[in-house]
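K.L.:
Here it is, the structure in full.
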Amino acid sequence: MFENLSDKLDRAFKVLKGQGTITEINVAETMKEIRKALLDADVNYKTAKAFTDDVRQKALGDNVLTTISPGQLLTKIMNDELTALMGGTTAEITFPATPTIILIAGLNGAGKTTFSGKLANFLKTQKNKKPLLVADDIYRPAAITQLQVLGEQIGIPVYANLESKDPVAIALEGIAHAKANGNNVVIIDTAGRLAIDEAMMVEIEKVKSAVNPHEILFVVDAMTGQDAVNTAKVFNDRLDFTGAVLTKLDGDTRGGAALSIKSVVNKPIKFIGTGEKMEALDVFHPERMASRILGMGDVVSLVERA
Amino acid sequence: EKTKDNFFSKITKVIAGKSTVDDDVLDDLEEVLVTSDVGVTTTLKIIERIQARVARDKYVSTSELNTLLRDEIQNLLAENNSNDFNSFEYGNQKPYVIMVVGVNGVGKTTTIGKLAHQLKQAGNKVVLGAADTFRAAAVDQIQLWGERVGVRVVAQAMGSDPASVAYDTLRSAVSNGDDVAIIDTAGRLHNKVGLMNELTKIKNVMEKVIPGAPHEILLVLDASTGQNAIEQCKQFTEATNVNALALTKLDGTAKGGVVIGISDQFKIPVKYIGVGEGMNDLQLFDRKGFVNSLFNK
Ligand SMILES: Nc1nc2c(ncn2[C@@H]2O[C@H](COP(=O)(O)OP(=O)(O)OP(=O)(O)O)[C@@H](O)[C@H]2O)c(=O)[nH]1
Ligand SMILES: Nc1nc2c(ncn2[C@@H]2O[C@H](COP(=O)(O)OP(=O)(O)OP(=O)(O)O)[C@@H](O)[C@H]2O)c(=O)[nH]1
Ligand SMILES: [Mg+2]
Ligand SMILES: [Mg+2]
């Protein structure tokens, strides 16, 4: 839809230039176009507003309008700003203890169980770890079987207790099991829960305080719309998570939720999910996400060509 | 319900202390609509209609804004959401075949479990087809739902051809004299051409058992999805002629506003809404109710 944002902006600026004087009002018109593109990419309403205000300042400062291709330069400015906003560099998982405990949390259907499998596989194959998966979702029908099937696919043990209805106890049992069996990472898959479901939020707080995780990853569907900020904020307020994971980026969503999450809770996005298979996991690259949100291929080369 | 209160209080804030609908009010209104995922295009459409009304009627008090908005949004949902769906009973076709499609994790299987429960409660004999043979434990999941609500499930081994499962299910439904057959499918992203073709094939195979089947192709949308839902609707409709929508997870804080634009653009009715994970948490979509719930306490 917005493959050619920079073309559009160029056109908008041509009209402006024709008007002679360059005023703040002219730029404001163009910013409307940009704001619409951001909102269509599901960037949070307030974030989009703040962002376009910043870019406007910067554009006026850099005398964007006096260049030959103002649209392209402006697009580059935006791309840089977005990249910076999303963290600039890649944030990695650390292993401060043995076993390192990683708690996975998020809304229903976001991709937690799939990600748990992918992460275990990643740590085993890329980081030479011996992970244990813990099936801590006692609610969803066949949630435990789902994790067990994935564990089997990737050759990772799964701790489950089909008799128990107590996620805190199961998590603790899982950690004890890991210690007894020489697993140096424990990944705890939890049930999907709504941020406003008080009982379920209290439950995961209890799991957290019982197991003292070194890493808490908030898994979020990249297709999420304006609600992403509310959800990320509540999960962060309750759990103080250490990073986010964006799933289903193999789709064609612009993924503006990434920007919203980063700007609201200021936690790094650590991984992205790019498919249903256990190998479909990547570390997060802010600059690629920025181009995606703006809806263009390689901005830098675009600008260089100009 | 917290979500709706939230929306209402925002609207109230918008109009508080103002006696006419001026540009400020419309700007604030834009924020309310956009943050409910209504999308810029549809929001502008609604606002333009309101501006037109304001221009025509010269003076519109803010107390009228609420009614105006309700009218305009209902109009967007209007033509295609008749009052046909006022019970969980179906008409003439027997078995009535429902095929359920959608992207990953939106709530297809859960919606099927809940729908089976409702249909059974309404006195129907229901059979489910486990045609998601791909996702880990998908067959187990739907079988557990079948047990939970007491309906039959036709399944094959994981990894088998989903079209073959759909075929088997309809054959079984016919010979068993079932009233309704519901076919689950694996979640798939709409930009995956191969998977979308597979869906067309699953659909086409049903026609061979029962002419006219599937009678209902239900696209499940997650209420928290943003503007991507529009593309989902477009692509799934191209692959399978979607003729009904279900909107899930409305018990959360997401508003599901994207269906307003979808309903307007594609003329596909929203038929069901999901409001929880339990078997009773499915409701028939009620246009008036949906719009009112956005604005009412
Ligand atoms: N295409 C794609 N599908 C994904 C990705 N990650 C997860 N999925 C799919 O999304 C669906 C939901 O994934 P799950 O891992 O079951 O999600 P969950 O968060 O554990 O769900 P609950 O436990 O029910 O809350 C499944 O169909 C997964 O195969 C991804 O990166 N890309
Ligand atoms: N709160 C809430 N959760 C729901 C609702 N509908 C489904 N869910 C949950 O969403 C998650 C995913 O549901 P599924 O039915 O497995 O989704 P699906 O579309 O079949 O997923 P795939 O087959 O993997 O693509 C589960 O945790 C469900 O319990 C709803 O209306 N409200
Ligand atoms: Mg899960
Ligand atoms: Mg399913």
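K.L.:
Tell me, what is the FRET efficiency for A:Asp80 and B:Asn92 to the nearest 0.05, using R0 = 51 angstrom and their Cβ-Cβ distance as r?
P.N.:
That gives a FRET efficiency of 0.25.
K.L.:
Starting from a Cα-only point model with no solvent, please compute log10 I(q)/I(0) by Debye for segment A:62-161 at q = 0.25 1/Å.
P.N.:
-1.32
K.L.:
What is the average number of partner chain Cβ atoms found within 10 Å of a Cβ in B:27-39?
P.N.:
On the way: counts 0, 0, 0, 2, 3, 1, 1, 8, 9, 4, 5, 2, 5.
Mean shielding by partner chains, rounded to a whole number: 3.
K.L.:
I've got another one for you. Rolling a 1.4 Å sphere over the protein heavy atoms, what is the accessible area per residue of segment A:149-276, to the nearest Å²?
P.N.:
34
K.L.:
Normalise the Cα radius of gyration of chain B by 2.2 N^0.38 Å (N = residues in it) and let me know the number.
P.N.:
That ratio works out to 1.08.
K.L.:
Now a separate question. Please give the calculated 222 nm ellipticity per residue for chain B, where each DSSP H segment of at least 4 residues contributes -39500 (n - 2.57) and the sum is spread over every residue; nearest 500 deg cm²/dmol?
P.N.:
Here the helix-only value at 222 nm equals -16000 deg cm²/dmol.
K.L.:
Summing both sides, how much accessible area is buried between A and B? Use a 1.4 Å probe and give Å² to the nearest 100.
P.N.:
Separately minus together, A and B give about 3200 Å² buried.
K.L.:
First compute the accessible area of the protein assembly as shown with a 1.4 Å probe, then give the percent of it belonging to carbon and sulfur atoms.
P.N.:
49
K.L.:
So, for segment B:215-268, what is the accessible surface per residue at a probe of 1.4 Å, expressed in square angstrom?
P.N.:
I get 22 Å² per residue for segment B:215-268.
K.L.:
Hey, another quick one. Measuring from the lowest to the highest alpha carbon on each principal axis, how far does the protein assembly as shown reach, largest first, in angstroms?
P.N.:
75, 63, 47
K.L.:
Compute, for B:Leu250, the solvent-accessible surface of its heavy atoms (probe 1.4 Å) with the complete set of protein chains present, and express it in square angstrom to the nearest 10.
P.N.:
10
K.L.:
Let me ask something else. Describe numerically, in nm with one decimal, the distance between label points set 7 Å from Cα along Cα→Cβ at A:Val202 and at B:Ala55.
P.N.:
Reported label-point gap for A:Val202 and B:Ala55 is 5.5 nm.
K.L.:
Could you work out which residue, out of B:Pro211, B:Pro269, B:Pro162, moves most in a Gaussian network model of chain B, that is, has the largest mean-square fluctuation with Cα springs under 10 Å?
P.N.:
B:Pro211
K.L.:
For chain B, what is the relative contact order in percent, using Cα pairs closer than 8 Å and at least 6 residues apart in sequence?
P.N.:
In percent, rounded to a whole number, it is 25.
K.L.:
More than 18 Å apart: what percent of Cα pairs in segment A:124-209 qualify?
P.N.:
44
K.L.:
Would you work out the charge dipole size for the protein assembly as shown about its Cα centre, treating the Cβ of every Lys and Arg as +1 and the Cβ of every Asp and Glu as -1, and quote it to the nearest 20 debye?
P.N.:
Values: 68 positive and 75 negative charges, 54 e Å.
Here the protein assembly as shown has a charge dipole of around 260 debye.
K.L.:
For segment A:178-251, what class follows from the C-alpha gyration tensor (a ≥ b ≥ c being the square roots of its eigenvalues): rounded when a/c is under 1.5, otherwise prolate if a/b is larger than b/c, else oblate?
P.N.:
Taking the square roots of the gyration eigenvalues as a ≥ b ≥ c, segment A:178-251 is oblate.
K.L.:
Measuring with a 1.4 Å probe in the full set of protein chains, what accessible area per residue, in whole Å², belongs to segment A:68-125?
P.N.:
On a per-residue basis, segment A:68-125 sits at 33 Å².
K.L.:
While we're here: Once a ≥ b ≥ c are taken as the square roots of the eigenvalues of the Cα gyration tensor of segment B:137-247, is the result rounded (a/c under 1.5), prolate (a/b larger than b/c) or oblate (a/b not larger than b/c)? Don't skip to the answer; put the middle values down first.
P.N.:
On the way: a/c = 1.68, a/b = 1.42, b/c = 1.18.
Prolate, since a/c reaches 1.5 and a/b exceeds b/c.
K.L.:
Consider all pairwise Cα distances in segment B:196-239 and report the whole-number % of them above 18 Å.
P.N.:
The proportion of pairs with Cα distances above 18 Å equals 37 percent.
K.L.:
Mind listing P(r) for segment B:180-297? All alpha-carbon pairs, 10 Å bins, whole percents.
P.N.:
Result, from short to long distances: 12, 43, 33, 10, 1 percent.
K.L.:
Okay, next question. Which residues of segment B:250-293 end up with at least 10 Å² less accessible area in the presence of all protein chains than when their chain stands alone, using a 1.4 Å probe?
P.N.:
B:Asp251, B:Gly252, B:Thr253, B:Ala254, B:Glu277
K.L.:
Another question about this same structure. Residues with amide H under 5 Å of A:Val185's amide H, sequence separation 5 or more or different chain, H placed in the peptide plane at 1.01 Å from N; which?
P.N.:
Result for A:Val185 returns A:Thr100, A:Lys130, A:Leu132.
K.L.:
Here is a follow-up. Using alpha-carbon pairs under 8 Å, 6+ residues apart, how would you state the relative contact order of segment A:133-223 in percent?
P.N.:
Relative CO of segment A:133-223 lands at 32 percent.
K.L.:
Still on this structure: Can you list the residues of segment A:118-153 whose accessible area drops by at least 40 Å² going from the chain on its own to the full set of protein chains, with a 1.4 Å probe?
P.N.:
A:Arg140, A:Pro141, A:Ala142, A:Gln146
K.L.:
For the protein assembly as shown, with the dipole built from +1 on Lys and Arg beta-carbon atoms and -1 on Asp and Glu ones, taken about the Cα centre, which of B:Leu128, A:Leu74, B:Ile202 lies farthest toward the positive end?
P.N.:
B:Ile202
K.L.:
Say we join alpha carbon atoms closer than 10 Å with springs in a Gaussian network model of chain B; which of B:Arg53, B:Arg188, B:Arg287 then has the biggest fluctuation?
P.N.:
Top of the fluctuation ranking is B:Arg53.
K.L.:
How large is the charge dipole for chain B, taken about the Cα centre, if only the Cβ atoms of Lys, Arg (+1) and Asp, Glu (-1) carry charge, to the nearest 20 debye?
P.N.:
Numbers: 33 positive and 37 negative charges, 96 e Å.
Approximately 460 debye in magnitude.
K.L.:
For segment A:237-276, which residues drop by 20 square angstrom or more in accessible area between the chain on its own and all protein chains together (1.4 Å probe)?
P.N.:
A:Lys248, A:Asp250, A:Gly251, A:Asp252, A:Glu276
K.L.:
Another question, then. Over segment B:247-297, with a single point scatterer placed on each C-alpha, what log10 of the ratio I(q)/I(0) does the Debye formula yield at q = 0.31 1/Å?
P.N.:
Values returned for q = 0.31 Å⁻¹ are -1.36.
The values are calculated or read from the model by the stated rules, or taken from the named source; none is laboratory data. Just so it is clear, the model here is predicted, and its values are computed rather than measured. Don't worry about glycine lacking a Cβ; one is built from the backbone with ideal geometry, like all the others, and counts go over all protein chains shown. Side chains included, ligands, DNA and RNA excluded: accessible areas come from the protein's heavy atoms. Shrake-Rupley method; radii C 1.70, N 1.55, O 1.52, S 1.80 Å.
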